[in-house]
Amino acid sequence: PKYLSTRHNIGFMVLDRLAREVAGTWNIDDQAESIVARLQRGALKALLVKPQTYMNRSGFAVARLRDRLGFDPHNMIVVLDDAALPFGRVRIRPGGGDGGHNGLASIIEEIGSQEIPRLRLGIGEPHADADLIDYVLGEFSPEEDLDAHTEHACDALVHFVIKGIDSAMN
């Protein structure tokens with residue numbers, strides 16, 4: 001609850017918005033230490049996952065679900081904050097390093113591959129004299145249009161699920 005409306009939680013904010021838009025219901029998955037929502041509307045069929053471990057142990061939840069459900073990591077997409085991208089920017093990539101994001105590092109380690117699609121959500125950089133951790137764990141300013149940013153990210157996620165990563169990256 002302490003970090004619910006912080007920049008570091010924008011990934012969960014996007015998933016919550018998508019679940020509301022598609023009438024998904026969140027349920028607890030004790031085995032994966034996660035909250036999950038199954039979505040199905042038309043061509044959109046997805047499982048949204050919000051790990052409830054510490055962020056730097058997110059890979060535990062993903063690996064548990066992968067082992068139980070048998071999905072290919074290429075068919076999942078990790079949604080995360082990125083201070084290196086300007087606020088409002090959305091970037092989809094098929095893989096790569098963790099970019100210093102401990103949650104993504106945990107997922108890469110547990111899955112055993114860097115080839116995991118990811119949706120990076122720009123939260124902007126802190127001012128030169130500000131601490132990065134304090135900035136990331138801070139709330140969005142009134143000037144930042146969080147509604148437009150999460151809407152754009154939801155559109156990108158739906159596009160990824162329905163049309164695939166190559167189309168979504170364009």
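Which residue out of Gly122, Gly97 is open to solvent by 20 Å² or more (accessible area, probe 1.4 Å) and more than 22 Å from Leu47 (Cβ to Cβ)? If you could, list the steps in order and put the result at the bottom.
Values: Gly122 fails: open to solvent by 20 Å² or more (accessible area, probe 1.4 Å).
Being open to solvent by 20 Å² or more (accessible area, probe 1.4 Å) and more than 22 Å from Leu47 (Cβ to Cβ) holds for just one of Gly122, Gly97, which is Gly97.
Considering each of Pro86, Pro142, Pro117 in turn, give the residue that is in contact with an Asp or Glu (Cβ under 9 Å, 6 or more places away or on another chain) and of a type outside the set (A, V, I, L, M). Show your work before the answer.
On the way: Pro142 fails: in contact with an Asp or Glu (Cβ under 9 Å, 6 or more places away or on another chain); Pro117 fails: in contact with an Asp or Glu (Cβ under 9 Å, 6 or more places away or on another chain).
Every option except Pro86 fails the conditions.
Among Val62, Val79, which is of a type outside the set (D, E, K, R), within 13 Å of the chain's Cα centre (by Cα) and not in a helix (DSSP H, G or I)?
When all the criteria are applied, what remains is Val79.
Out of everything in segment 18-47 that is part of a strand (DSSP E or B) and either among the charged types (D, E, K, R) or in contact with a Gly (Cβ under 7 Å, 6 or more places away or on another chain) (or both), what residue ends up being most open to solvent (accessible area, probe 1.4 Å)?
Among those that are part of a strand (DSSP E or B) and either among the charged types (D, E, K, R) or in contact with a Gly (Cβ under 7 Å, 6 or more places away or on another chain) (or both), it is Arg38.
Return the residues of segment 1-17 that are open to solvent by less than 60 Å² (accessible area, probe 1.4 Å) and either among the aliphatic types (A, V, I, L, M) or within 16 Å of Phe160 (Cβ to Cβ) (or both); say none if nothing qualifies.
Correct list: Ile10, Gly11, Met13, Val14, Leu15, Arg17.
Working carefully through the options Ala128, Ala105, find the one that is part of a loop (DSSP other than H, G, I, E, B), open to solvent by 20 Å² or more (accessible area, probe 1.4 Å), more than 26 Å from Val22 (Cβ to Cβ) and of a type in the set (A, V, I, L, M, F, W, C).
Numbers: Ala105 fails: part of a loop (DSSP other than H, G, I, E, B).
Going through Ala128, Ala105 in turn, just one is part of a loop (DSSP other than H, G, I, E, B), open to solvent by 20 Å² or more (accessible area, probe 1.4 Å), more than 26 Å from Val22 (Cβ to Cβ) and of a type in the set (A, V, I, L, M, F, W, C): Ala128.
Can you tell me which residues in segment 48-57 are out of contact with any Asp or Glu (no Cβ under 8 Å at 6 or more places or on another chain), surrounded by fewer than 19 Cβ atoms within 10 Å (Cβ to Cβ) and not hydroxyl-bearing (Ser, Thr, Tyr)?
Once the filter is applied, which keeps residues that are out of contact with any Asp or Glu (no Cβ under 8 Å at 6 or more places or on another chain), surrounded by fewer than 19 Cβ atoms within 10 Å (Cβ to Cβ) and not hydroxyl-bearing (Ser, Thr, Tyr), segment 48-57 yields Met55, Asn56, Arg57.
Check Phe60, Phe71, Phe87, Phe140 and return the single one that is touching a Pro at 6+ places or on another chain (Cβ under 9 Å), open to solvent by 20 Å² or more (accessible area, probe 1.4 Å) and of a type in the set (Phe, Trp, Tyr).
Residue meeting the stated conditions: Phe60.
Of Pro73, Pro117, Pro94, which residue is in contact (Cβ under 8 Å) with a residue 24 or more places away in the chain and under 20 Å from Gln31 (Cβ atoms)?
Sole residue among the options that is in contact (Cβ under 8 Å) with a residue 24 or more places away in the chain and under 20 Å from Gln31 (Cβ atoms): Pro73.
Output the residues belonging to segment 147-170 that are touching a residue at least 12 places away in the same chain (Cβ under 8 Å) and small (Gly, Ala, Ser).
Residues satisfying the conditions are Ala148, Ala153, Ala156, Ala168.
For Thr150, all conditions in the list (1) open to solvent by 50 Å² or more (accessible area, probe 1.4 Å); (2) under 24 Å from Leu39 (Cβ atoms) hold save one; what is the number of the exception?
With (1) open to solvent by 50 Å² or more (accessible area, probe 1.4 Å); (2) under 24 Å from Leu39 (Cβ atoms) applied to Thr150, the lone miss is (1).
The values are calculated or read from the model by the stated rules, or taken from the named source; none is laboratory data. What you see is a predicted model; the values in this text were computed from it and never measured. Note that each Cβ is placed from the backbone with ideal geometry, even for glycine, and that neighbours are counted across all protein chains shown. All accessible areas refer to the heavy atoms of the entire protein, side chains included, with ligands and DNA or RNA removed. Shrake-Rupley method; radii C 1.70, N 1.55, O 1.52, S 1.80 Å.
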